Amino acid sequence: MSPIGPTPRLVLFAALAVGIATLGLGVVGSEAGNAKSDEVLVAGSVCEAHALKARHAADPRLQIEIPPAFNVPWPTREACLSYAAAQDPDTPGLVQPIPFSHKHHAGLYEIDCLYCHSGSDRSPAAGVPPVQLCMGCHAQFPPTYDEFEGIRVLKEHWARGEPIEWLQIYRLPEHVQFRHNRHLIAGVSCQRCHGPVEEMDKVYMTQDTIWWPWLLPASKPQMGWCIDCHRLQGASQDCYTCHY
Ligand code: HEC
Ligand code: HEC
Ligand code: HEC
Ligand code: HEC
Ligand code: HEC
């Protein structure tokens, strides 16, 4: 059934095997070179120190130097990794003005969704938290966190009293009525509509949210998605429920 017949596939595997073999030789060569050279890798930040320590643990021959200023536990390695992942343009989702990670805040540190999106159970809009709420925690953090450009951006906005201009991901046209509170009261979880946000370093629209009519991908929440669930859950399908 495969478009690649048995013979070309064999050739492909052979080519791959040769590729892997040369790659393997390359790695052995460079490791030998590394062990001989006296090059010392010096950390230039706390996050670099975490990364170098991890590399050293995997390969004790690697020579590393961690200046005392960067030999501190905060920010943690997890914070560094999440920050980097939230900034990665190659993963799905928009790169935000601050690389804020839900996986880090809502996942690892288990901060409740409603703590930051406090409108969800009370009003139509879930809302995005104000700078003051971020600073409630971040004003107490040691200055080593300033090595994250995003934290400096946060503090600049706080000092100037300006909101962060977060890019919007889920957005309905004006002629549609949507109410978060009605759904939460009915027991529909955030994840049912937004996916496993607490596992995302960068928020993106999940495939569950996107309705695929005729199997064409869509990039916004569509009417068919709303109607499908309303039918399943016995909620109203009347036009005037959503359009008035
Ligand atoms: C309830 C406390 C709390 C609140 C509120 C909070 N943070 Fe954090 N934030 C943390 C903790 C804890 C860490 C990580 C500490 C560590 O592991 O080093 C962190 C890490 C970060 C990081 C680095 C990791 C990452 O996510 O990229 C950024 C950037 C950040 N916060 C921005 C924000 C912004 C922006 C807000 C407001 C929208 C905010 N934080 C609100 C507690 C909080
Ligand atoms: C510490 C604060 C904080 C917590 C906790 C938090 N969020 Fe967020 N959330 C934000 C910020 C800031 C943004 C805007 C930046 C972004 O998209 O990452 C956001 C954006 C979102 C968006 C996209 C909004 C849009 O523009 O369409 C969704 C969906 C979302 N959050 C859901 C959740 C869910 C579900 C949880 C709990 C599992 C949660 N959030 C926990 C701060 C938080
Ligand atoms: C029934 C599906 C559904 C549920 C459940 C749901 N959302 Fe939403 N959410 C949406 C839709 C649709 C939008 C776009 C709304 C608009 O443009 O008017 C949205 C928008 C948002 C936004 C962008 C800001 C805003 O207020 O429009 C955030 C943040 C958000 N949701 C967070 C949450 C959180 C947190 C929960 C759980 C407490 C949650 N949502 C539950 C469907 C849902
Ligand atoms: C995952 C399931 C689910 C999805 C997806 C969903 N809804 Fe709902 N919706 C419900 C349930 C359940 C209710 C509650 C019915 C009740 O209150 O008895 C509801 C209620 C509503 C109401 C309130 C009706 C009232 O009486 O005020 C509106 C408006 C609404 N939904 C609009 C939407 C729109 C617009 C979308 C798509 C953007 C959507 N819903 C997507 C499950 C869903
Ligand atoms: C549960 C909510 C819901 C119900 C019920 C609903 N709609 Fe919609 N409708 C939507 C949403 C969400 C959109 C926006 C979809 C988008 O942006 O692609 C929409 C878009 C539309 C549009 C614009 C289409 C376009 O391509 O821009 C029309 C026309 C429309 N609806 C008519 C109706 C009619 C007629 C009914 C009753 C038979 C109805 N709707 C019932 C949620 C609903």
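Could you list, in sequence order, the residues of the range 96-125 that are away from ligand 5 (no atom under 16 Å from the Cβ) and either among the aromatic types (Phe, Trp, Tyr) or modelled with pLDDT under 95 (or both)?
Residues satisfying the conditions are Phe100, Tyr109, Tyr115, Ser118, Gly119, Ser120, Asp121, Arg122, Ser123.
Residues that are more than 14 Å from ligand 5 (Cβ to nearest atom), within 18 Å of Gly127 (Cα to Cα), at pLDDT 90 or above and not in a loop (DSSP other than H, G, I, E, B): does the range 198-212 have at least one?
yes
If you scan the range 134-150, which residues turn out to be closer than 19 Å to Tyr115 by Cβ and part of a helix (DSSP H, G or I)?
Cys134, Met135, Gly136, Cys137, His138
Give me the pairs: first residue in the range 77-95 and within 12 Å of Tyr204 (Cβ to Cβ), second residue of a type in the set (Ser, Thr, Tyr) and crowded, with 18+ Cβ neighbours inside 10 Å, beta-carbon distance under 6 Å, and six or more apart or on different chains, which are they?
From the range 77-95, the pairs are Ala86/Ser101.
For Pro142, are the conditions met, namely being out of contact with any Pro (no Cβ under 8 Å at 6 or more places or on another chain), within 25 Å of Ser45 (Cβ to Cβ) and near ligand 1 (Cβ under 10 Å from one of its atoms)?
Yes; evaluated as a whole, the condition is true for this residue.
Can you tell me which residues in the range 116-161 are within 16 Å of ligand 3 (Cβ to nearest atom) and free of Cβ contacts under 8 Å to residues at least 12 places away in the same chain?
Ser118, Gly127
Identify all residues within the range 85-110 that are over 9 Å from the mean Cα position of the chain (by Cα) and either part of a helix (DSSP H, G or I) or not assigned by TED's automatic domain parsing to the domain that holds Pro130 (or both); write none if there are none.
Within the range 85-110, His105, Ala106, Gly107, Leu108 meet the criteria.
Can you tell me how many residues within the range 43-69 are without any contact (Cβ under 8 Å) to a residue 60 or more places away in the chain and surrounded by 14 or more Cβ atoms within 10 Å (Cβ to Cβ)?
So the count comes out to 12.
Can you name the number of the only condition in (1) at pLDDT below 95; (2) surrounded by 12 or more Cβ atoms within 10 Å (Cβ to Cβ); (3) among the polar types (S, T, N, Q) that Thr76 fails?
Result: Thr76 passes all but (1).
Going residue by residue through the range 159-168, is there one that turns out to be assigned by TED's automatic domain parsing to the domain that holds Glu199 and under 22 Å from Cys80 (Cα atoms)?
yes
For the range 189-201, name all the residues that are crowded, with 20+ Cβ neighbours inside 10 Å and touching a His at 6+ places or on another chain (Cβ under 8 Å).
Those that are crowded, with 20+ Cβ neighbours inside 10 Å and touching a His at 6+ places or on another chain (Cβ under 8 Å): Met200, Asp201.
Using the structure shown, decide if Cys137 is in contact with a helix residue (DSSP H, G or I) (Cβ under 7 Å, 6 or more places away or on another chain) and at pLDDT 95 or above.
no
The values are calculated or read from the model by the stated rules, or taken from the named source; none is laboratory data. Because the structure is predicted, anything quoted here is derived from the model rather than measured. A quick note on method: Cβ atoms are made from the backbone with ideal geometry, for glycine too, and the neighbour counts reach across all protein chains shown.
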